[in-house]
Amino acid sequence: MKLGDKIFSGAIWSLVERLSTQIVQFVLGIFLARLLSPKDFGLIGLLIVFITISQVFVDSGFTKALIQKKDRNKNDISTVFIFNLIISIVCYIILWFIAPFIADFYETPILISLLRVLSISLVINAIFTVPATLVTIDLNFKLFAKANLIAVIISGLTAIYLAYNDFGVWSLVYQTLIKATIIGILLLFWTKWKPLLFFSKTSFKKLFSYGSKLLLGSLMNTTVSNVASLFIAKIISTKELGYYAQGTQFTDLIFKTVNAVVDKVLLPSLSQIQDQKEVLIKYSKNIIKMVSIFITPIFFILIIIAEPLIKVLLTEKWLPVVPIMQLFALARLITIICGINVNLLYVLGRTDLALKQQFYKIPIRLALLAASIKFGIIYVALAELIATTIHYFYDSYYPGKIMQYGAKSQIKDLSKIFFINILIGIISFIIMSYIPSSILKMLVTPIIYVTLYFTANLYLKIPEFLDPFNKLKKIILKK
């Protein structure tokens, strides 16, 4: 299979995996949002910050190092497994002991038991990280699709049952643990991988030279990205954090889906041609344009139908979510393009440059957060959008310097796409304003937008829009 077809095939299956699980999770999440309170979601949103930061230490960039390494062997794989497991146990012990201090700081005693139980997910994820990485290396996303879908359905239905029976915030804790366990067991069973209790110092040094920079970069990015939640919970309230977290949920349905496809497919695929500069530039251009063509209308639709969507799905008690969701839709759109640029540096083995970028970006995000938080969560979301826009120019700087495809060239390539979406967005919004019912607004407006967008791309004959359909047609005909 040609590399382009292999990338497309891997992307399709990864997209199927993410879409199927995210849609099911989204639907189940709606039921949970109706059963639970904003404060319940705020408490979990707060604890997830500590879990996410700990997960960065557990991984330490080793999985990406394993993917990028062409001559990986059993010693490398076993070393990553042992390292991940040890660090996960260390992180769990640390979180166990600091849980009372976190609970005292936020004046919420229940955080002690919540964090101690939720932190078990770190050890569960560490045990099953290697099978998941091996599946990624093989671009075998059919397994991911099946494992994730089964896990999401079982854990989601369990959480709904628990929430209905007044388990409250614990419903969300058990949902996380059950999901992680099921995914891990299924991948371990299907890959038939057996852990070897062997640790190689040589393998560790080689992987760490690549992964250490990723660790520092990911740690800074993850900490700064989540620091808003810590301050919202303390300075404003956990209820407002619940609104903030729910506002990001809708945009993250799209963002996490696309970002997962980019992360899983881009690095293992383009690493095969990391030494062929001209070919790498060609594929990079096509990927950025193709991703933008298909994700931009989704985020624009979400911005337009935000209010009727919240009213219908979550009820009016969640209306404060609307402006947050709209601002994050734009921010996440930009973040996806940023992610592609960062992944190109990973492909080139320049994790040092990716780390260097983080040092420039962190002060900007922190300064904007400090300036905005006293005005409320809407201004915090606006600060996130401004920070993300500035970050794009940092993230695209080194790809522009090394590959001659930086911000200026990318914006030029994407300008037509954004112009079409802004125009169609205005037309769709005007039409929606004449639709009386919130349900009809939510259902009809996306159809109008997609119809106009599809027609415009066909009329202009944009190749990056037509090419995926031609490739998909070939795949279907072969079967």
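Which count do you get for residues in region 341-367 that are more than 30 Å from Tyr379 (Cα to Cα) and either of a type in the set (A, V, I, L, M) or touching a His at 6+ places or on another chain (Cβ under 7 Å) (or both)?
The qualifying residues number 5.
Kindly provide the set of residues from region 407-432 that are among the aromatic types (Phe, Trp, Tyr) and within 15 Å of Val291 (Cβ to Cβ), ordered by number. Let's see the steps before the verdict.
To start, the set of residues in region 407-432 that are among the aromatic types (Phe, Trp, Tyr) comprises 418-419, 429.
Scanning region 407-432 gives a single hit, Phe418.
Can you tell me which condition Ser437 does not meet? The list is (1) buried (at least 16 other Cβ atoms within 10 Å of the Cβ); (2) under 24 Å from Leu313 (Cα atoms), and all the others hold.
Only one criterion in (1) buried (at least 16 other Cβ atoms within 10 Å of the Cβ); (2) under 24 Å from Leu313 (Cα atoms) is unmet by Ser437, namely (1).
Among the residues of region 330-356, write down those that are more than 15 Å from Ile386 (Cα to Cα), small (Gly, Ala, Ser) and in contact with an Asp or Glu (Cβ under 8 Å, 6 or more places away or on another chain).
Correct list: Gly339 only.
Is at least one residue of region 124-144 in contact with a helix residue (DSSP H, G or I) (Cβ under 8 Å, 6 or more places away or on another chain), surrounded by fewer than 22 Cβ atoms within 10 Å (Cβ to Cβ), among the β-branched types (Val, Ile, Thr) and free of Cβ contacts under 8 Å to residues at least 24 places away in the same chain?
Within region 124-144 (the criterion being in contact with a helix residue (DSSP H, G or I) (Cβ under 8 Å, 6 or more places away or on another chain), surrounded by fewer than 22 Cβ atoms within 10 Å (Cβ to Cβ), among the β-branched types (Val, Ile, Thr) and free of Cβ contacts under 8 Å to residues at least 24 places away in the same chain), the answer is no, since none of the residues qualifies.
Tally the residues that are surrounded by 18 or more Cβ atoms within 10 Å (Cβ to Cβ) and among the β-branched types (Val, Ile, Thr), restricting the search to region 403-427.
Looking only at region 403-427, we keep the residues that are surrounded by 18 or more Cβ atoms within 10 Å (Cβ to Cβ), and these are 403, 405-406, 410, 417, 420-421, 424-425.
In the following step, the residues that additionally are among the β-branched types (Val, Ile, Thr) were identified as 417, 420, 424.
Looking only at that region, the number is 3.
Is it fair to say Ser155 is closer than 23 Å to Ile112 by Cβ, hydroxyl-bearing (Ser, Thr, Tyr) and surrounded by 20 or more Cβ atoms within 10 Å (Cβ to Cβ)?
On the way: closer than 23 Å to Ile112 by Cβ: no; hydroxyl-bearing (Ser, Thr, Tyr): yes; surrounded by 20 or more Cβ atoms within 10 Å (Cβ to Cβ): yes.
So Ser155 fails the test.
Sort out which residues of region 354-382 are among the hydrophobic types (A, V, I, L, M, F, W, C) and touching a residue at least 40 places away in the same chain (Cβ under 8 Å), and write them in order of number. Let's see the steps before the verdict.
First, pick out the residues of region 354-382 that are among the hydrophobic types (A, V, I, L, M, F, W, C): 354-355, 359, 362, 364, 366-371, 373, 375, 377-378, 380-382.
Scanning region 354-382 gives Ala354, Leu355, Phe359, Ile362, Leu366, Leu369, Ile373, Ile377, Ile378, Val380, Ala381, Leu382.
Please tell me if Thr108 is surrounded by fewer than 19 Cβ atoms within 10 Å (Cβ to Cβ), in a helix (DSSP H, G or I) and either modelled with pLDDT of 80 or more or out of contact with any Phe, Trp or Tyr (no Cβ under 7 Å at 6 or more places or on another chain) (or both).
Working: surrounded by fewer than 19 Cβ atoms within 10 Å (Cβ to Cβ): yes; in a helix (DSSP H, G or I): no; either modelled with pLDDT of 80 or more or out of contact with any Phe, Trp or Tyr (no Cβ under 7 Å at 6 or more places or on another chain) (or both): yes.
Spelling it out, it is not the case that Thr108 is surrounded by fewer than 19 Cβ atoms within 10 Å (Cβ to Cβ), in a helix (DSSP H, G or I) and either modelled with pLDDT of 80 or more or out of contact with any Phe, Trp or Tyr (no Cβ under 7 Å at 6 or more places or on another chain) (or both).
The values are calculated or read from the model by the stated rules, or taken from the named source; none is laboratory data. On a predicted model such as this, the values are computed, not experimentally measured, just so you know. Because the Cβ atoms are built from the backbone with ideal geometry, glycine has one as well, and the counts that use them run over all protein chains shown.
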